[in-house]
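To start, the structure under review is shown below, and the notes come after it.
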Amino acid sequence: MHVQAVVSQDYMRNTRTSDGVWGLPRGLEYYKASYKWQLSNVLDPEYIHETGLAEVERIMGEIENGSMLADNCYVNPLPKLQ
């Protein structure tokens, strides 16, 4: 059997439609427990994610208005990010 046939007929037919462990039964519960155990962190993963998104937004704002460049003593400003 050719690889393409195996992938299309056997493999793909039996794959999950969701990605991540949260697509499994009790997956979100497992993810949170694993997160806490591996990182020794008591903060909620959703809180960490939202904080990270806010920090990216803040840093991008600093880059776009040039304040990060001035604070870090860059002589030649970088071209505006698209």
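What ranking do S40, S8 get, fewest neighbouring Cβ atoms within 10 angstrom at the top?
Fewest to most other Cβ atoms nearby, the residues stand as S40, S8.
Quick check: residue separation of T51 and Y30 times 0.36 nm, minus the Cα distance between them. What number comes out in nm?
Working: separation 21, 0.36 × 21 = 7.56 nm, distance 2.16 nm.
Extra length available between T51 and Y30 comes to 5.4 nm.
Testing the spin-label approximation: label points 7 Å from Cα along Cα→Cβ at T15 and L39. State their distance in nm.
Taking the simple label geometry, T15 and L39 are separated by 2.7 nm.
Please order V42, V56 by the number of other Cβ within 10 Å, starting at the fewest.
Working: V42 6, V56 10.
If I rank by nearby Cβ atoms, fewest first, I get V42, V56.
A short reminder: the numbers here are calculations on the coordinates, not readings from a lab. Computed from a prediction, not measured in an experiment: that's the story for all the values here. Here Cβ is always computed from backbone atoms with ideal geometry, including for glycine, and neighbour counts include all displayed protein chains.
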